[in-house]
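To start, the structure under review is shown below, and the notes come after it.
Each value in this text was obtained by applying a stated rule to the coordinates, not by laboratory testing. From a predicted model like this one, the values you see are computed outputs, not experimental measurements. Using ideal geometry, Cβ is built from the backbone for each residue, glycine included, and neighbour counts are taken over all protein chains shown.
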Amino acid sequence: MTTQKAKRISVADYINGAIDLSDKTQRQITQEIGYENPNVLTMIKQGRTKLPINKVGAIARALGVDPANLLRIVMLEYMPDAWQVISEVMGDRVVSADESALLDLAREETKGIGVDMGDPDLVSDLRNAFRAHHERAAANPRSPVPATKRGAAKH
């Protein structure tokens, strides 16, 4: 059995999706992250300027997204070698709030028995559940799934 490596979302696509889901203006977001000029955020959204690492927490708070997940996306795109070292040393223990909630759910539902990821039926069931979730999210125009993945044109 071959495994296909999942395509990673870019920082620009992630930020665009989060802004689309936000009820804030670009000017409000820009001010909350400590910039005076909204053009900086526009350049980040377009991928013309990198999101500074020291702004990850501020923009995550402003957009209401998980800072650990945003940090992972930023590091994988901008500094993959550094992220690899961090992952090797830390055992990739940086988990997002959503990932932590999945772990809690697995522990609750298995009643402490554990999960056998070597069970092909279990893996298939989990993949199908995640695919169904993704399809529902992709059909929702306010979904964090990038518009390009939904088949819509980018704005």
Return MET79, MET117 ranked ascending by Cβ neighbour count within 10 Å, so the fewest neighbours appear first.
-> MET117, MET79
Cβ crowding within 10 Å averaged over residues, with 36-43, 132-139, 64-71 ranked highest first | 64-71, 36-43, 132-139
Peptides 102-111, 46-55 ordered by average Cβ neighbours within 10 Å, highest first | 46-55, 102-111
Looking only at the range 46-68, which residues have a backbone nitrogen under 18 Å from a spot 7 Å from the Cα of ASP98 in the C-beta direction?
-> 57, 59-68
Most exposed first by the Cβ proxy, i.e. fewest other Cβ within 10 Å, how do GLU99, GLU88 rank?
-> GLU88, GLU99
What nm value, rounded to one decimal, do you get for the distance between VAL115 and THR25 when each label is placed 7 Å out toward the C-beta?
-> 4.3
Per-residue Cβ contact counts at 10 Å, fewest first, order SER100, SER87 as SER100, SER87
